[in-house]
Amino acid sequence: MKDVLRHSRALWNRQSLDLESDEVLAQILDRGEMRDWRALYRLARNDVRLRTRIKQIILTVPTPLPRFWLAALASLGEDVDLAAPVPNYFDSGI
């Protein structure tokens with residue numbers, strides 16, 4: 001799974017994959033492809049801390065599919081408010 005993420009086009013400006021970095025994680029959530037997101041989901045299945053960090057990023061950083069990620073986290077057992085306000089990706093100037 002990490003091999004998929006190491007070769008993600010989303011990390012075009014990175015030398016290596018560092019999932020401990022919120023910036024790298026946000027970049028994958030923002031610019032990743034479906035295979036990247038599947039790999040991230042698989043990793044999050046068994047990593048409570050990763051799920052918590054993904055949720056925090058989704059709720060504070062404009063990303064293109066915040067409701068998708070909230071639903072994905074809920075399917076993994078994470079306590080999420082699916083109606084929580086999320087930053088507007090299209091009005092963020094990105």
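Rule-based calculations on the coordinates, nothing more; no lab input. Since the structure is predicted, the reported quantities are computational estimates derived from the model, not experimental observations. Don't worry about glycine lacking a Cβ; one is built from the backbone with ideal geometry, like all the others, and counts go over all protein chains shown.
For the chain, what does the alpha-carbon gyration tensor say about shape, rounded, prolate or oblate, given a ≥ b ≥ c as the root eigenvalues, a/c under 1.5 as rounded, and a/b over b/c as prolate? Can you show the working numbers first?
Working: a/c = 1.89, a/b = 1.18, b/c = 1.61.
Taking the square roots of the gyration eigenvalues as a ≥ b ≥ c, the chain is oblate.
So how do 67-77, 15-25 stack up, highest first, on mean other-Cβ count within 10 Å? Before the final figure, lay out each step's value.
On the way: 67-77: 15.5, 15-25: 13.0.
Per-residue Cβ counts within 10 Å, averaged per peptide and sorted highest first, yield 67-77, 15-25.
Please compute the contact order of segment 2-75 in relative form: average sequence separation of alpha-carbon pairs under 8 Å and at least six residues apart, divided by the residue count, as a percent. Walk me through the numbers on the way to the answer.
Numbers: 56 pairs, mean separation 20.4, N = 74.
Relative contact order for segment 2-75 comes out at 28 percent.
Using 0.36 nm per residue, how much length does the chain from Ala84 to Gln56 gain when fully extended, once their Cα-Cα distance is taken away?
On the way: separation 28, 0.36 × 28 = 10.08 nm, distance 1.16 nm.
Full extension of this stretch gives 8.9 nm more.
For the chain, what is the charge dipole size about the Cα centre, in debye to the nearest 20, if Lys and Arg each add +1 at the Cβ and Asp and Glu each add -1 at the Cβ?
Numbers: 14 positive and 13 negative charges, 72 e Å.
For this selection, approximately 340 debye.
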